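In what follows, a structure is listed as structure tokens, so that the remarks can point back to it.
The values are calculated or read from the model by the stated rules, or taken from the named source; none is laboratory data. Everything numeric here is computed off the predicted structure, so don't read it as measured data. Glycine gets a Cβ as well: all are built from the backbone with ideal geometry, and neighbour counts include every protein chain shown. Note: areas computed on protein heavy atoms with side chains; ligands, DNA, RNA excluded. Shrake-Rupley method; radii C 1.70, N 1.55, O 1.52, S 1.80 Å.
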Amino acid sequence: MTEDGLWDVLVVGAGPAGSTAARVAAEGGARVLLVDAARFPRYKTCGGGLIGASLRALPPEALAVVERRVDRVTFSLRGGPARTVRSARPFLAMVDRERFDQALVDAATAAGVEFHDHVRVRAVEQRGDSVAVRTDAGELAASVVIGADGASGVTGRHVGVTIARADLGLEVELADAGEDWARRIHLDWGKDPGTYGWVFPKDGHLTVGVIERKGRGDATRAYLDRLVAGLGMADRAVLRSSGHLTLWRRPGSPVRQGRVLVVGDAAGLLEPWSRQGISFALRSGALAGEAAARARPEGPGALTAYETAVTEVLEPEQRAGAAMLRVFERWPALIHLAFTRVGLGATGFVRVCRGSLDLPRVLRPRSLAAAARMLGGRSR
Ligand SMILES: Cc1cc2nc3c(=O)[nH]c(=O)nc-3n(C[C@H](O)[C@H](O)[C@H](O)COP(=O)(O)OP(=O)(O)OC[C@H]3O[C@@H](n4cnc5c(N)ncnc54)[C@H](O)[C@@H]3O)c2cc1C
């Protein structure tokens, strides 16, 4: 506890966004409290796939818990014949979120952050020069609050984040990864528009999941069952079965209200096509942590740097992802063909995963941007 009971920075939620924001703010000299509603280590429904942008944003503690490095991907369309693309070097890493999130919390506490788990935040209120945060364990106060409480959290509502779309992800953890899955993932493009499924290997188990627009729960569950059966895995022991929403923000949606910033899923920051959100959580967390640390000597005006960075760095990736999703929703067979039969398509996929190419750059050539607009139709 600080002497005056006022923290420089209070971070709500200890997923990748919150732990990173807390660590970076502490490294910048701020006195930081990090709280999470869950008891840690805690489970999180997630594929645990890390692209290059995620790996580049990690402290050594979190890199140490990477379980697999993937250098091949098998694609199928609606459970049909599969085709595997290999890369000379790994392009994706796999983590178990329970271990990964704990490692990020450990990195934050090593940087001087005070961490309290099992503390649920109920409400946030701005009071002049500080922010009051009501929790199950009493009231807390801070000069700056960073909301990292995930999709549908208290802080996103406080800031007024506006959501473009919500999807439901369902997953099962199946026993026994097996040698065949040592360095390989599987992606299946589903029959309903915009849906896809994945198999991601971990140490000793496989994460099999699907994602679909929210509101079609039965169809989403049926797709997951079909995917598992089609892979010949229906008789494997189910270690865990769970679901979680992913929400992405409208371009221009607020990410700050006064002295409160929101990061990661709380801000609706994820890539709309793949719905990968860990790189957005890590990067937005670091940007918010930096701005919050600077607000200590410079005042709350320093927080605008975070809004600018989201607009300039993360929003273009979200826009490009949304454009790709529109094409994928209408033309999944074309995407499948591009990745499995066209050398440039497969190379592009691998390079985007590895992080040597990003989606805005994929769409930068005018001809490709025009093709994406034509194939994707009007944005909704
Ligand atoms: C099925 C599925 C698969 C996915 N697969 C991938 C993938 O392979 N790769 C990828 O990059 N992304 C993936 N994502 C997205 C990724 O999981 C999220 O984008 C990422 O977890 C966001 O991190 P975060 O820190 O913002 O939020 P979270 O990881 O959700 O953490 C939020 C934290 O806030 C805490 N909290 C919530 N409410 C409160 C409260 N009121 N008070 C205090 N604490 C609170 C929670 O306990 C939690 O610990 C997937 C998502 C889904 C749904």
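For this structure, a couple of remarks:
- Look at (1) more than 30 Å from Ser143 (Cα to Cα); (2) touching a residue at least 60 places away in the same chain (Cβ under 8 Å); (3) within 16 Å of the ligand (Cβ to nearest atom); (4) crowded, with 21+ Cβ neighbours inside 10 Å and you find that Ser274 fails only one, number (2).
- Any chance Val199 is within 14 Å of the ligand (Cβ to nearest atom), under 30 Å from Thr304 (Cα atoms) and at pLDDT 95 or above: no
- Just one residue in the set Pro59, Pro90, Pro81 is open to solvent by 60 Å² or more (accessible area, probe 1.4 Å) and within 23 Å of the chain's Cα centre (by Cα); that residue is Pro90.
- Only a single item in (1) away from the ligand (no atom under 11 Å from the Cβ); (2) buried (at least 22 other Cβ atoms within 10 Å of the Cβ); (3) of a type in the set (A, V, I, L, M) is not met by Leu269, and it is number (1).
- Entry remark, region 249-266: residues being closer than 30 Å to Arg78 by Cα and either at pLDDT below 95 or open to solvent by 50 Å² or more (accessible area, probe 1.4 Å) (or both) number 1 in total.
- Being surrounded by fewer than 22 Cβ atoms within 10 Å (Cβ to Cβ), away from the ligand (no atom under 15 Å from the Cβ) and either hydrophobic (A, V, I, L, M, F, W, C) or under 17 Å from the mean Cα position of the chain (by Cα) (or both) holds for only one residue in Leu239, Leu314, Leu245, and it is Leu239.
- Test result for Val144, closer than 30 Å to Ser130 by Cβ, modelled with pLDDT of 95 or more, more than 11 Å from the ligand (Cβ to nearest atom) and crowded, with 20+ Cβ neighbours inside 10 Å: yes
- Note on region 93-114: among residues that are open to solvent by less than 50 Å² (accessible area, probe 1.4 Å) and more than 21 Å from the chain's Cα centre (by Cα), the one that is nearest to the ligand (Cβ to nearest atom) is Val113.
- Region 148-195 - residue that is over 30 Å from Glu125 (Cβ atoms) and in a helix (DSSP H, G or I) and, of those, most open to solvent (accessible area, probe 1.4 Å): Glu179
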